[in-house]
Structure formats: structure tokens, C-alpha cells
Amino acid sequence: MLELAVHVRDLDGLAGVRDLACGWAGAGEDAAVSRIYIGDEFCFHRLPGLADLKALLRAAEAGGYGLTLLTPVLTDPQMVGAAPLFAHLGAHRPDTEVVFNDWGVMTLLRERFELTNLAAGRMLNKGFKDPRLADAARIAAISPEARELLNTDTFHDAGFQRRMLRLQVRRLEYDLPPYGDDADIGLSLIHISEPTRRH
């Protein structure tokens, strides 16, 4: 079954979400949006305000959607600025998924705001992503190490996944490697569960 999520910036972005699911190329008749993403992984200034967060939470609940708050790397002053969002979720919707891209933010979310539905974001995944490589197949054929360089990343490392299990991180979100040829790297997220295995 195909799962769809929609990234919205405000309440206006919710208009037509169901139509988008039906019209999405390759989705087919049975496609349904399951989750709304808000916030941003790269820019603090694109996080929603508290009033917008509350309104989006209500709208998601009314529409039967899950909700994910994306957060970027945050400086200490930015953490203070984002604290009302985290406090509201901790007090009223602690099951809301929050994607962190900063280990300090992860610690803050868990220890101060008791948010436990955490996912590691794309910024934490290290791998070869430079899109300018002209002939990836030729490079990959040089040696097993060269092929491995183009096809591996932090999130698929078994030791990293074990560490995420210990930290109770539930999912890892990642970009598809631009030169990857591994057929089972077909999803944009990895669900963490015991026993650790590659998805």
C-alpha cells in the first residue's frame, strides 16, 4: 500500500489535499493522504507560529491525518523561540511526530518536553549526494569501495540503527542517493524496529 504525506505551510495548503492524492501520478484510485508535514528541515523562520500550529493540529485531527513537525538545526536562541511549539505539543499532543535534524534538539524534545514520537531527519544522514558526478556507473566500476561510496549512508548502518533504537527514535527520513543502484533503497523513510534489519 502506498502512503502519501503532504507538506503544507499554512491552512490554505490543506485545501484540495484529497484531490492531490487522487491526481498524484502513479498513485491510483485508492491513494489517500495519511500525514501532513509542517515546518521546515532547513530554516527556522519557516516553522509555524503557535496559532498556526494549533489550527493545523485541529485541521489534521478533523481530516483524520497524522501530523509531523519538521525542525531544522537550531541555535540556542532559536530553541527558545521554538519552545512554545514544543511545549504545546508536549502538553496537548505528545504523540505528534517531530523530525529533528540536530542532536541538541532531540535531547531537548525528549527531556524537557517529553515528546517521544521522534524521527531523525535528512540532515543527519551522511552519504555521497553531490549531483555533479557525470558518469556514476564508470566510477562505481572502479572498485567495490567506489561502488560502496555511492550506495551507502549513515542511516543504513546497522550500528547507527541500533543506537537509534536505544534512543527510541522511531523513524529515519532520508533522500534517495542520487547514484544508488540498490533496489531496496526505495522508500523515503526507515521504520526502526527489532531486530535491526535493512528496509
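The values are calculated or read from the model by the stated rules, or taken from the named source; none is laboratory data. Everything quoted here is computed from the prediction, not taken from an experiment. FYI the Cβ positions are ideal-geometry reconstructions off the backbone, even for glycines, and counts take in every protein chain you see. With ligands, DNA and RNA removed, areas are computed over all heavy atoms of the protein, side chains included. Shrake-Rupley method; radii C 1.70, N 1.55, O 1.52, S 1.80 Å.
Overview of results
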| read-out | value |
| --- | --- |
| Some residue of the range 140-160 being outside any helix (DSSP H, G or I), open to solvent by less than 30 Å² (accessible area, probe 1.4 Å) and in contact (Cβ under 8 Å) with a residue 40 or more places away in the chain | no |
| Every residue from the range 126-139 that is assigned to a helix (DSSP H, G or I) and exposed (fewer than 15 other Cβ atoms within 10 Å of the Cβ) | A137, R138 |
| Residue within the range 170-187 that is within 20 Å of V73 (Cα to Cα), at pLDDT 80 or above and open to solvent by 90 Å² or more (accessible area, probe 1.4 Å) present | yes |
| Helices (runs of 4 or more DSSP H) fully within the range 7-125 counting 1 or more residues that are under 21 Å from F160 (Cβ atoms) and modelled with pLDDT of 90 or more | 103-111 |
